[in-house]
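What follows is a single structure, written as structure tokens, with notes after it.
The values are calculated or read from the model by the stated rules, or taken from the named source; none is laboratory data. Just so you know, these numbers come straight off a predicted model, no measurement behind them. So basically every Cβ, Gly included, is an ideal-geometry build from the backbone, and we count neighbours across all protein chains shown. Only protein heavy atoms, including side chains, enter the accessible area calculation; ligands, DNA and RNA are left aside. Shrake-Rupley method; radii C 1.70, N 1.55, O 1.52, S 1.80 Å.
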Amino acid sequence: MKDSFGRKINYLRVSVTDLCNLRCKYCMPKEGICKRDHDDILTLEETEEIIKVFVSLGIDKVRITGGEPLVRKGILDLISNVGQLEGIKDLAITTNGLLLKRYAKDLKNRGLNRVNISLDTLNKNKYKEITRGGDLTKVLEGIDEARMVGLSPIKINTVLIGGFNDHEIRDFVNLTVKDNIDVRFIELMPIGEAQNWAIENFISNDIVLDKVRELMKIKGEDPSSPAIYYKMPEGKGKVGIINPITCKFCDYCNRVRITSTGKLKLCLHSDDEIDLKKVIREGKDLKEIILKEIYNKPESHNLEEGQYIKRNMFEIGG
Ligand code: SAM
Ligand code: SF4
């Protein structure tokens, strides 16, 4: 499957719910969100059908996300069914890790390959503060369990927030030294709840290289990854730097997204969406429509000009 710029599209990110068991301050409103009507959300059968069509068109990498994917009822069955599709080479999930201790083994047994865990602080009280009530111990236990059952390499995604976790950068980097864990620092984006945050909260990822001078750039990494990877001298894992705003990896972009309401998003940073739920419910030819739309994937985002999307991250899945 190629778009009009010749980019091969082989990566699909699928959000299975908007709901979450946390309310991270930059992502979810304080009061949480209202549950959508059942009918607004793709059923797991519809989700599976859409993924199946994408895989038949050349998608070989699928990531399940949310909201929090592990709170969606039936998630293990979806993982099993997607994992069995011929053509899937990589099936992963992005989670806050709270339920990972409970689910890691089952996820592995059902065919999940890898897990990304979002974690912005290693301090118990600060974790509770930023997530509005989350228990860090549960996440750390989840990470251990995931490693034990072989959901590897484990990637920890850390959103850098000025004045909140910038002094923890070295602690996060140190996680990559003794274990095969990758840590990726992501710049906070002014979308969703973070739209009105103070300018001091938005810091450049350059701070990571300033604070940890020993980091060495790794050559020859996959250009379709948004991260630039580094390594500590004796490190087992890698340190990734993701600059969503300043770094344009659009030329190598290989991904598209599906929201839990069945909207196909060709670019994370565009408000344009195609309603695949309608297509599937009206019995139209999903394959034909997907192929046509993929061809129209936009060339690049316009974040430098301050054009941010209206949707929240919990609706898209990151
Ligand atoms: N609940 C899961 C989790 O937290 O991993 C999956 C969904 S969450 C929306 C996906 C990612 O989006 C998380 O790593 C989160 O930190 C990130 N995110 C949410 N809002 C963001 C923002 N304004 N800027 C940067 N990253 C954001
Ligand atoms: Fe939930 Fe993930 Fe958003 Fe935090 S970042 S509120 S865990 S969806």
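In summary, the lysines within cross-link reach of K35, defined as a Cα separation below 17 angstrom excluding same-chain residues under 8 places away, comprise K73. Spatially, the stretch 223-266 and the stretch 1-80 are offset by 17 Å when compared through their Cα centroids. Computed from Cα atoms, the angle from the helix 100-109 axis to the main principal axis of the chain rounds to 50 degrees.
Taken per residue, the accessible surface of the stretch 182-260 reaches 49 Å², heavy atoms only and a 1.4 Å probe. The accessible surface of the chain, taken with every protein chain in place and a 1.4 Å probe, is 48 percent carbon and sulfur.
Dividing the mean sequence gap of close Cα pairs (under 8 Å, 6+ apart) by how many residues the stretch 11-316 holds gives a relative contact order of 19 percent. Dipole magnitude for the chain: computed about the Cα centre from +1 point charges on Lys and Arg Cβ and -1 point charges on Asp and Glu Cβ, it is near 680 debye. The relative contact order of the stretch 1-107 comes to 34 percent, based on Cα pairs under 8 Å that sit 6 or more residues apart. Taking every eigenvalue of the Cα gyration tensor of the chain, multiplying by 5 and rooting it, what semi-axes result, largest first, whole Å? Its equivalent ellipsoid spans semi-axes of 29, 22, 21 Å.
Residues whose amide H comes within less than 5 Å of that of V159, counting only those at least five positions distant or on another chain, are L119, I186 (H built at 1.01 Å from N in the peptide plane). In summary, the lysines within cross-link reach of K124, defined as a Cα separation below 22 angstrom excluding same-chain residues under 8 places away, comprise K25, K30, K101, K138, K155, K178. Per-residue Karplus couplings for the stretch 133-143, computed as 6.51 cos²θ - 1.76 cosθ + 1.60 with θ equal to phi - 60°, are listed in order as x, x, 10, 4, 4, 5, 5, 5, 5, x, 5 Hz, Gly and Pro entered as x. Relative to the longest principal axis of the Cα atoms of the chain, the long axis of helix 169-178 makes an angle of roughly 80 degrees. Over the stretch 9-159, accessible surface divided per residue gives 43 Å², non-protein components excluded, 1.4 Å probe.
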